[in-house]
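Asker: Have a look at the structure that comes next, please.
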Amino acid sequence: MPAIYLDNAASTRVSDEVLALVTEVMRTSWGNPSSQHPQGAAARGHLETARLRLLAALGDPRGTGEIVWTSGCSEANALAVLGAARIHPGAIVISTLEHPAISTLADRLATEGHEVRRVAPGRDGVLDPEAVAAACEGAGVVSIIAVQNELGIVQPIAAIVAAVRARAPGAHIHIDAAQALGKIALDATTLGADSISLAGHKLHAPKGVGALWLRRSAKLEPLWVGGGQQHGLRGGTQDAPNAAGLGLAAERAVAALPKQRTRWLELAATLIAELERRGVPIRQLVPDHRRAPHILALAVEATPASALRNVLSSRGVYVSTGSACADGDTKPSSVLEAIGLAQADGMVRLSFAHDTTLDDVMQAATILADVIAGLSSRTRG
């Protein structure tokens with residue numbers, strides 16, 4: 001039986017359409033985009049098309065922001081947070097829900113002498129905009145994740161940005177949108193943030209490409225200097241093939257969102273219903289109205305997370321897992337602890353993509369039920 005891949009929040013398969021475009025640009029437009037001859041112009045043309053596609057996908061077709069192409073979301077986050085911290089004096093404010101790509105940047109800035117403030121969510125995993133704003137007196141940089149990667153919790157980003165602006169109007173506000181674009185509505189022009197980071201491999205584009213949307217009035221110090229490409233923000237020859245792939249992937253993801261959202265919610269409901277029919281002791285950790293539709297996080301009663309992941313993998317079902325306590329080779333999750341997951345319970349994250357099928361979900365439910373039953377009996381024994 002082919003493997004069932006339900007770990008799309010970690011990475012997606014490159015779509016056939018994106019792969020075709022990337023390889024076509026590689027074959028036909030291999031010139032340096034900075035070169036002043038037809039090959040360079042061809043590469044620049046692909047970059048421009050990709051830029052326009054990505055701006056449109058972000059709800060910014062008029063270009064109130066610029067696109068900085070990066071090697072991925074981690075680099076985009078670093079450019080935004082480190083680059084802003086070197087210009088904007090004041091504290092660094094993040095939430096306790098952040099991906100390590102942000103939290104480790106805050107740790108680094110703390111070692112450099114910056115004050116770092118971390119805001120915890122409520123027991124439902126949702127940040128209170130006023131609580132975030134209250135931590136922002138004298139802040140220079142504020143960074144918040146739009147969709148929490150472990151649980152899929154959608155944060156009230158627009159309300160947070162508005163509250164922070166009222167309290168710290170000079171702060172640079174950054175949004176980590178790795179799990180948001182193409183999964184929830186995202187409009188850079190109305191959001192009010194200064195920068196938004198994106199990852200290609202979450203959208204059926206290749207790994208190794210990402211982008212930073214940067215408000216044109218926002219100022220950053222580059223991570224390194226080079227040949228002055230990308231308005232001096234990221235020196236180095238630009239990757240036209242992968243940028244083209246990300247632009248197309250973003251365009252396709254946003255266009256498909258209304259249909260995919262409905263389909264993903266139906267797949268999740270079907271999986272839960274099948275597990276409940278089989279008497280599996282699971283609990284949905286985030287209600288549908290508070291989560292991104294592609295991420296379904298389930299608590300599994302009295303089941304070690306690492307054992308659950310390993311046995312599922314051996315049966316050909318690929319997912320992510322976590323727990324609120326140390327569990328073999330699995331580090332405890334502060335996020336799962338914050339929302340009150342019992343230390344004896346494990347969490348399984350199933351995440352869907354454009355190519356996830358109903359058959360995938362039904363087969364996964366059958367195997368998941370069998371694996372949990374086996375692990376539960378072993379735990380009881």
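Asker: Considering only residues that are part of a loop (DSSP other than H, G, I, E, B) and closer than 18 Å to Val280 by Cα, look in segment 337-362 and name the one that is most open to solvent (accessible area, probe 1.4 Å).
Answerer: Selected residue: Ala344.
Asker: For segment 224-330, which strands (runs of 3 or more DSSP E) that fit wholly inside it have 1 or more residues that are under 17 Å from Asn8 (Cα atoms) and touching a helix residue (DSSP H, G or I) at 6+ places or on another chain (Cβ under 7 Å)?
Answerer: Here the list reads 295-300, 320-323.
Asker: Could I ask something else about it? I need a count of the residues in segment 45-64 that are in a helix (DSSP H, G or I) and either among the hydrophobic types (A, V, I, L, M, F, W, C) or in contact with a strand residue (DSSP E or B) (Cβ under 6 Å, 6 or more places away or on another chain) (or both).
Answerer: Number satisfying all stated conditions: 8.
Asker: Which condition number does Ala10 fail, the rest of (1) within 30 Å of Val132 (Cα to Cα); (2) in contact with a Lys or Arg (Cβ under 6 Å, 6 or more places away or on another chain) being met?
Answerer: Of (1) within 30 Å of Val132 (Cα to Cα); (2) in contact with a Lys or Arg (Cβ under 6 Å, 6 or more places away or on another chain), only one is false for Ala10: (2).
Asker: Let me ask something else about it. Exactly one condition in (1) surrounded by fewer than 21 Cβ atoms within 10 Å (Cβ to Cβ); (2) in contact (Cβ under 8 Å) with a residue 40 or more places away in the chain is not met by Thr262; state its number.
Answerer: Of the numbered conditions (1) surrounded by fewer than 21 Cβ atoms within 10 Å (Cβ to Cβ); (2) in contact (Cβ under 8 Å) with a residue 40 or more places away in the chain, the odd one out for Thr262 is (2).
Asker: Just give me the residues in segment 304-321 being surrounded by fewer than 21 Cβ atoms within 10 Å (Cβ to Cβ) and polar (S, T, N, Q), in sequence order.
Answerer: Answer for segment 304-321, where residues must be surrounded by fewer than 21 Cβ atoms within 10 Å (Cβ to Cβ) and polar (S, T, N, Q): Ser306, Asn310, Ser313, Ser314, Ser320.
Asker: Pick from segment 99-119 the residues that are within 21 Å of Ala180 (Cβ to Cβ) and among the aliphatic types (A, V, I, L, M): which of them is surrounded by the most Cβ atoms within 10 Å (Cβ to Cβ)?
Answerer: For segment 99-119, the residue satisfying everything is Ile102.
Asker: Confirm whether Ala253 is open to solvent by less than 20 Å² (accessible area, probe 1.4 Å), out of contact with any Cys (no Cβ under 8 Å at 6 or more places or on another chain) and without any contact (Cβ under 8 Å) to a residue 40 or more places away in the chain.
Answerer: Judged against the criteria, Ala253 is not a match.
Asker: How many residues does segment 1-42 hold that are open to solvent by less than 60 Å² (accessible area, probe 1.4 Å), free of Cβ contacts under 8 Å to residues at least 24 places away in the same chain and assigned to a loop (DSSP other than H, G, I, E, B)?
Answerer: Residues meeting the conditions: 2.
Asker: Here's another thing I want to ask about it. Here are the criteria: (1) in contact (Cβ under 8 Å) with a residue 60 or more places away in the chain; (2) touching a helix residue (DSSP H, G or I) at 6+ places or on another chain (Cβ under 7 Å); (3) of a type in the set (A, V, I, L, M). Tell me which single one Leu105 does not satisfy.
Answerer: (1)
Asker: Any chance you could count how many residues in segment 165-176 are open to solvent by less than 10 Å² (accessible area, probe 1.4 Å) and free of Cβ contacts under 8 Å to residues at least 60 places away in the same chain?
Answerer: Result for segment 165-176: 2.
Asker: Restricting attention to segment 187-218, which residues are open to solvent by 30 Å² or more (accessible area, probe 1.4 Å) and either farther than 22 Å from Asp7 by Cβ or assigned to a loop (DSSP other than H, G, I, E, B) (or both)?
Answerer: The answer is Asp187, Thr189, Thr190, Lys207, Gly208, Arg215, Arg216, Ser217.
Asker: Look at Ala78 and say whether it is under 16 Å from the mean Cα position of the chain (by Cα) and either over 23 Å from Ile184 (Cβ atoms) or modelled with pLDDT under 95 (or both).
Answerer: Judged against the criteria, Ala78 is a match.
Asker: Going through segment 65-85 one residue at a time, which ones are in a loop (DSSP other than H, G, I, E, B) and open to solvent by less than 30 Å² (accessible area, probe 1.4 Å)?
Answerer: Gly72
Asker: Sticking with this structure for a sec: Go through segment 287-303 and give me each residue that's open to solvent by less than 50 Å² (accessible area, probe 1.4 Å) and touching an Asp or Glu at 6+ places or on another chain (Cβ under 8 Å).
Answerer: Ala297, Ala299, Val300, Ala302, Thr303
The values are calculated or read from the model by the stated rules, or taken from the named source; none is laboratory data. All of these numbers come straight from a predicted model, not from anything done at the bench. No Cβ is skipped: glycine too gets one built from the backbone with ideal geometry, and neighbour counts run over all protein chains shown. Keep in mind that these areas ignore ligands, DNA and RNA; they rest on the heavy atoms of the full protein, side chains included. Shrake-Rupley method; radii C 1.70, N 1.55, O 1.52, S 1.80 Å.
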